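A quick write-up on the structure given underneath.
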Amino acid sequence: MTLVSTLARHLKSGALNELTLTTNGSQLDKYAAELKAHGVERINVSLDTLDPDKFRAITRWGDLSKVLTGIDAAQAAGLSVKINAVALKGVNEFEIGDLIAWAHGRGMDLTVIEVMPLGDIDEDRLAQYMPLSMVRTRLAERYTLEDLDYRTGGPARYMRVKETGGRLGFITPMTHNFCESCNRVRITCTGTLYMCLGQNDSADLRTPLRASSSDDLLHAAIDEAITRKPKGHDFLIDRRHRGPALARHMSMTGG
């Protein structure tokens, strides 16, 4: 919470419009009220399934009940919760409709994400990958989906589910390269700035930060890095590209 409380001072000054968090939810029961007290108004919770056994297999350790308790605590604290689910062929592909009903039934938006080829893992990405066009086709058999103009700071495209009244977002890094509308960069805990989740190009911010007591060198390094933000990423999943597009794991930079 030290980082959150330190960042929160910029909400009070007006330098930040909002402070949000993406989490696996395992510690939400403990920290939800404190997050709210520091000015966090909305969070994203990564949750691919409501099946406890599948959840444990996907996360390699996770306890679904802890996450659900954390979501309860977050909503009780007044936080707006959005659920992020990665569509995994052969794992949760037939659960997404039920995830929608569950999330919307609790007043939470749901965003579905295509699997991305990041980091060396055991699973075969070709076997896991499922285009969201297929997901939408299947969902249309159960729900009426209406496109929306609604946008956040992220790359999701939203629609309204008529039967539930809730919002459903699609993030499609594989089938739709959304880079022209992406305004995001990512900084790691070691002071490395990545201009794109799907590229290796980066900028070292730790050296200019330590080189001067003023922020001038740091600001210059950030400005220069932003000019190199790429126009597109190079994610590929097909039978000729079974390996990861990048060796860097998602957990190194965040989503």
Condition set among the charged types (D, E, K, R) and outside any loop (DSSP other than H, G, I, E, B), scope segment 189-208, selection most open to solvent (accessible area, probe 1.4 Å): answer is R206
When both residues are 6+ apart or on different chains and their Cβ atoms are under 9 Å apart, which pairs have a first residue that lies in segment 128-139 and is under 10 Å from E114 (Cα atoms) and part of a loop (DSSP other than H, G, I, E, B), and a second that is among the basic types (K, R) and open to solvent by 30 Å² or more (accessible area, probe 1.4 Å)? Y129/K89; M130/K89
Within segment 156-177, is there a residue that is closer than 30 Å to V81 by Cα, at pLDDT below 75 and among the small types (G, A, S)? no
Would you pick out the residues in segment 29-54 that are under 14 Å from N84 (Cβ atoms) and not in a loop (DSSP other than H, G, I, E, B)? R42, I43, N44, V45, S46
Which ones in segment 78-119 are charged (D, E, K, R) and open to solvent by 10 Å² or more (accessible area, probe 1.4 Å)? K82, K89, E93, E95, D98, R106, D109
Hey, can you tell me all the residues within segment 60-77 that are in contact with an Asp or Glu (Cβ under 9 Å, 6 or more places away or on another chain), open to solvent by less than 40 Å² (accessible area, probe 1.4 Å) and not aliphatic (A, V, I, L, M)? G70
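The values are calculated or read from the model by the stated rules, or taken from the named source; none is laboratory data. In this text, all values refer to a predicted model and were calculated from it rather than measured experimentally. Glycine also receives a Cβ, built like all others from the backbone with ideal geometry; neighbour counts cover every protein chain displayed. Each accessible area value is taken on the protein alone, full model and side chains, heavy atoms only, with ligands, DNA and RNA left out. Shrake-Rupley method; radii C 1.70, N 1.55, O 1.52, S 1.80 Å.
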